[in-house]
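Values quoted throughout were computed directly from the atomic coordinates according to the rules given, and no laboratory measurement underlies them. What you see is a predicted model, and the numbers here were worked out from it, not measured in a lab.
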Amino acid sequence: MNYVYKIEHWAESHQVKSMAFVRIVLGLIIFLKGLFFIMNRDALLTMITNSTFDLYAVLLVHLVASAHLMGGILIMIGLITRIAILFQLPILAGAILFVNSKTGFFSMDSELALSVLVLVLLLLFLVFGSGKLSVDEWMKKNINTDH
């Protein structure tokens, strides 16, 4: 556990403030993808039906949309960012492995490149945390836990 704390402390002390902009954009992309899932449910159902998850497609659509909407907001504001990212990782891994990989990386209608980029950024913020310009950081500085 001490080793994890050391990595977290090192990562948080070496993160630049401009990474907050990247975190906000990442959260916005995830949030907008959740909105897209809600607004284009039929397209998503078709995409999932063509994948290996056709049995639980409706449940999966609702879970993915909810996780993207809530996770996107939490990542944007920097509140419990690492936990929000942990919920996004299986979704992105599933999108890469089962949905987007069928169309190919260089296909005109593929979102594989975006999915890989988002996955890499999620892993980056999983290690580095939400950063200095976040609700998490504000809470560390302004809320006294010694009550």
Could you give me the ³J(HN,Hα) list for segment 124-136, computed from phi with Karplus coefficients 6.51, -1.76, 1.60 and θ = phi - 60°, whole Hz, x at Gly and Pro?
4, 6, 5, 7, 7, x, 7, x, 6, 9, 8, 5, 4
Amide H contacts under 5 Å for G78, restricted to residues at least 5 apart in sequence or on another chain and with H modeled in the peptide plane, are V135
